[in-house]
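Report on one structure; see the data block that follows.
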Amino acid sequence: MKIALVLLSVLFGILILVEISLRIGFGFGSPVLYLGDTEIGYLLAPNQQTRRYGNRIEINQYSMRSAPITPLPSPETRRVLLLGDSLVNGGWWTDQSQTLSALIRQQLQARMGNRDNWEVLNIAANSWGPPNQLAYLQRFGTFGSEVIVLLLNTDDLFTQPPNSGVVGRDRNYPHTKPYLALIEVFNRYLKRSEPIPPAQQPQPFDPVAYNLEKIQKIQAIATENHANFILAMTPLLREVEEPGSRDYEIKARQRFTQLTQDQNWIYIDFLPLFKETAQPPSLYRDHIHLSPSGNQLVSEIISYQLTVNSSQ
């Protein structure tokens with residue numbers, strides 16, 4: 001009996017140490033939470049602060065990965081709205097200070113000689129595409145931004161209609177905090193995600209045409225709100241390496257590029273720029289998300305374009 005009690009005490013002590021280590025060392029037990037939304041699909045729950053793997057994550061009152069903001073900028077503030085998905089959001093692997101929006105703001109302040117106070121709003125969530133981004137703008141507006149930058153990647157041309165069913169079912173979109181860090185580890189790495197109800201699709205469904213239409217509507221919102229519109233697209237890793245893009249990706253990009261030309265939009269195509277680098281794989285952390293050097297390159301080019309745009 002005494003041996004059993006000792007063993008239970010040791011086991012309990014080990015579990016406490018593991019729990020503390022998971023919380024302090026990795027940030028488990030306090031995941032970034034999501035809200036389901038019938039129109040947007042899902043968005044980050046507002047007013048969150050946490051750390052994951054040592055990286056600070058802050059979500060403001062408007063579900064942005066940005067510090068709290070006023071609804072409209074002050075007279076001395078110049079505001080840029082950066083729309084995107086996990087590339088813009090930065091995910092758990094990126095500290096708040098190293099997100100694309102933070103880097104662009106730092107570079108604008110340096111390029112413009114600190115003459116103005118720049119704000120770059122980070123409006124993005126994992127796996128968002130043009131339908132989610134459009135629905136967000138329709139709900140919340142443009143916050144008095146003078147420029148809207150829409151940063152896409154090739155996969156975004158195939159985004160499906162918004163689906164709130166992922167929240168609370170897919171392990172990547174939790175909506176409540178677990179009681180223990182150990183429970184989160186189990187749910188994230190051992191437990192299977194629940195079945196996700198499919199989103200309703202118009203029939204017949206052409207995903208590229210569907211997303212191009214949403215992009216046009218985002219641009220129209222920019223125009224209606226007297227904001228300039230800049231469109232940019234990063235490639236997948238396979239597109240900058242051999243054997244290169246898949247046939248359906250090439251055709252989708254051609255349709256996308258034709259739209260930018262027909263509309264005479266400012267468009268930054270990162271595909272040739274990435275191919276020109278000495279080691280394109282160094283720009284990626286996986287097949288789609290950017291490494292710190294990839295973030296640096298993309299932010300420098302976007303901030304340069306914003307500087308040019310500001311001087312016109």
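The values are calculated or read from the model by the stated rules, or taken from the named source; none is laboratory data. Note that the structure is a prediction, hence the values are computed from the model and not measured. So basically every Cβ, Gly included, is an ideal-geometry build from the backbone, and we count neighbours across all protein chains shown. With ligands, DNA and RNA removed, areas are computed over all heavy atoms of the protein, side chains included. Shrake-Rupley method; radii C 1.70, N 1.55, O 1.52, S 1.80 Å.
See the values below:
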read-out	value
Selection status of Ala181, closer than 25 Å to Asp156 by Cβ and touching a residue at least 40 places away in the same chain (Cβ under 8 Å)	no
Number of positions in the stretch 295-312 that are open to solvent by less than 30 Å² (accessible area, probe 1.4 Å) and without any contact (Cβ under 8 Å) to a residue 12 or more places away in the chain	0
Scan of the stretch 266-280 for residues that are surrounded by 13 or more Cβ atoms within 10 Å (Cβ to Cβ) and part of a helix (DSSP H, G or I), ordered by number	Phe270, Leu271, Leu273, Phe274, Lys275, Pro280
The stretch 121-134, residues that are surrounded by fewer than 21 Cβ atoms within 10 Å (Cβ to Cβ) and part of a helix (DSSP H, G or I)	none
Single match in Tyr53, Tyr34, Tyr42, Tyr62 (criterion: aromatic (Phe, Trp, Tyr) and touching a His at 6+ places or on another chain (Cβ under 8 Å))	Tyr34
Pair list, Cβ < 6 Å and 6+ apart or interchain, from the stretch 96-109 residues that are free of Cβ contacts under 8 Å to residues at least 12 places away in the same chain and under 18 Å from Asn126 (Cα atoms) to residues that are open to solvent by 10 Å² or more (accessible area, probe 1.4 Å) and hydroxyl-bearing (Ser, Thr, Tyr)	none
Qualifying residues in the stretch 52-68 (those that are in contact with a Leu (Cβ under 7 Å, 6 or more places away or on another chain) and hydrophobic (A, V, I, L, M, F, W, C)) - the one farthest from Val80 (Cα to Cα)	Ile59
Conditions (1) in contact with a Ser or Thr (Cβ under 6 Å, 6 or more places away or on another chain); (2) buried (at least 20 other Cβ atoms within 10 Å of the Cβ): number failed by Pro162	(1)
Strands (runs of 3 or more DSSP E) completely within the stretch 1-105 that count 2 or more residues being buried (at least 21 other Cβ atoms within 10 Å of the Cβ)	41-44, 55-59, 77-84
Tabulated pairs, the stretch 152-176, first over 17 Å from Asp85 (Cα atoms), second hydrophobic (A, V, I, L, M, F, W, C) and not in a loop (DSSP other than H, G, I, E, B), C-beta under 9 angstrom, 6+ apart or interchain	His175/Leu35
Checklist (1) within 30 Å of Asp95 (Cβ to Cβ); (2) open to solvent by less than 70 Å² (accessible area, probe 1.4 Å) applied to His287, failing item	(2)
Helices (runs of 4 or more DSSP H) contained entirely in the stretch 181-265, each with at least 2 residues that are within 30 Å of Glu19 (Cβ to Cβ) and either open to solvent by less than 90 Å² (accessible area, probe 1.4 Å) or touching a helix residue (DSSP H, G or I) at 6+ places or on another chain (Cβ under 8 Å) (or both)	181-189
Residue in the stretch 106-120 that is most open to solvent (accessible area, probe 1.4 Å), counting only those that are in contact with a Lys or Arg (Cβ under 9 Å, 6 or more places away or on another chain) and within 28 Å of Val32 (Cα to Cα)	Glu119
